[in-house]
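Peer 1: The structure that follows is given in the form of structure tokens.
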Amino acid sequence: MEKIISERPSDQPLITISNHISTVDDPGIWAASLSWRNLFNPDKNRWTLGAKEIMFTNPIYRWYFGNGQVIPTIRGNGVQQEAVDFAIKKLNEGKWVHMFPEGRIHNSETFELYPFRWGVGRLVDESKKTPWILPIYIRGFNDVMNHGKAFIPRPFGKTVEIFIGEPIKDIEVVLDSLRKESSTKQQIYSKVTSNLEQRMKEMGKQVIRRNDNQKKIS
């Protein structure tokens, strides 16, 4: 992951996507995965979309999350809103944008993915240069701070797991096929989003199978 962030061409946009299981997923993933050099370098760090009605409700929050490169997003306003426009602008500058495509925290013990929102499909389609896409699957962050049940992180004695998949660099093939079919923008957003959702589901199954096999061995 460090190599992709640090060594990709300066004009190469990057999108990371992951499942969403707690309110500490975003800071936790990067604190555990990135070097200090990248973590505190705004040019190397991610931009992400965050709910305006939760994260930008007072001046302190606005300062904190704004400086943390969070883009205020109005949930329910669809994919043609300013927040998504701004994320595309950042991709066109060769920046890194992280998304939780489910659009909300998953509270279920099964952790099956919610359907992905089309925003990620629009980002992929409307970037001038097709982004590299890096899938990430996480487990255990819900034990650190269980959404709706805990308001203070409890990291001690907890195990978190971050699985980083192979970069998805063939999404351009999917885009080319859809464009040749003269698909509408909405169809492209939908089908690209569905493609990424299926890949994430398969990644999640692989992670769970691997963990179950390790438990049997131990």
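The values are calculated or read from the model by the stated rules, or taken from the named source; none is laboratory data. This one's a predicted model, so the numbers in the text were calculated from it and none came from an experiment. Every residue, glycine among them, receives a Cβ derived from its backbone with ideal geometry; neighbour counts consider all protein chains shown. SASA here: full protein model, heavy atoms, side chains in, ligands and nucleic acids out. Shrake-Rupley method; radii C 1.70, N 1.55, O 1.52, S 1.80 Å.
Peer 1: Go through (1) surrounded by 12 or more Cβ atoms within 10 Å (Cβ to Cβ); (2) part of a helix (DSSP H, G or I); (3) more than 14 Å from the chain's Cα centre (by Cα) and name the single condition Gly78 misses.
Peer 2: (2)
Peer 1: Got a number for residues in segment 46-77 being out of contact with any strand residue (DSSP E or B) (no Cβ under 9 Å at 6 or more places or on another chain) and in contact (Cβ under 8 Å) with a residue 40 or more places away in the chain?
Peer 2: Count: 0.
Peer 1: Residues of segment 86-122 being of a type in the set (A, V, I, L, M) and modelled with pLDDT of 95 or more, which ones? I'd like the intermediate steps shown before the answer.
Peer 2: Keep residues of segment 86-122 that are of a type in the set (A, V, I, L, M), which gives 87-88, 91, 97, 99, 105, 113, 120.
Within segment 86-122, Ala87, Ile88, Leu91, Val97, Met99, Val120 qualify.
Peer 1: Tell me, which residue of segment 28-42 that is outside any loop (DSSP other than H, G, I, E, B) and polar (S, T, N, Q) is modelled with the highest pLDDT?
Peer 2: Of the residues in segment 28-42, the ones outside any loop (DSSP other than H, G, I, E, B) are 28-33, 36-39.
In the following step, the residues that additionally are polar (S, T, N, Q) were identified as 33, 38.
Numbers: Ser33: 91, Asn38: 88.
Taking the candidates together, the pick is Ser33.
Residue-by-condition table, conditions (1) modelled with pLDDT of 95 or more; (2) open to solvent by 70 Å² or more (accessible area, probe 1.4 Å); (3) part of a strand (DSSP E or B); (4) not small (Gly, Ala, Ser):
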site: Ile5; (1), (2), (3), (4): no, no, no, yes
site: Ser10; (1), (2), (3), (4): no, yes, no, no
site: Ile21; (1), (2), (3), (4): no, no, no, yes
site: Asp26; (1), (2), (3), (4): no, no, no, yes
site: Lys44; (1), (2), (3), (4): no, no, no, yes
site: Leu49; (1), (2), (3), (4): yes, no, yes, yes
site: Arg62; (1), (2), (3), (4): yes, yes, no, yes
site: Val84; (1), (2), (3), (4): yes, no, no, yes
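Peer 1: Hey, another quick one. Do you know which of the residues in segment 86-101 that are assigned to a loop (DSSP other than H, G, I, E, B) and open to solvent by 40 Å² or more (accessible area, probe 1.4 Å) is nearest to Ile136 (Cα to Cα)?
Peer 2: Checked segment 86-101; the qualifying residue nearest to Ile136 (Cα to Cα) is Lys95.
Peer 1: Test Arg154 against the criterion of being in a loop (DSSP other than H, G, I, E, B), among the basic types (Lys, Arg) and either surrounded by 14 or more Cβ atoms within 10 Å (Cβ to Cβ) or modelled with pLDDT under 75 (or both), and give yes or no.
Peer 2: For Arg154, the condition - in a loop (DSSP other than H, G, I, E, B), among the basic types (Lys, Arg) and either surrounded by 14 or more Cβ atoms within 10 Å (Cβ to Cβ) or modelled with pLDDT under 75 (or both) - is met.
Peer 1: Using the structure shown, decide if Arg104 is surrounded by fewer than 13 Cβ atoms within 10 Å (Cβ to Cβ) and either among the basic types (Lys, Arg) or touching a strand residue (DSSP E or B) at 6+ places or on another chain (Cβ under 8 Å) (or both).
Peer 2: yes
Peer 1: Here's a follow-up. Of all residues in segment 51-60, how many are open to solvent by 70 Å² or more (accessible area, probe 1.4 Å) and assigned to a helix (DSSP H, G or I)?
Peer 2: 5
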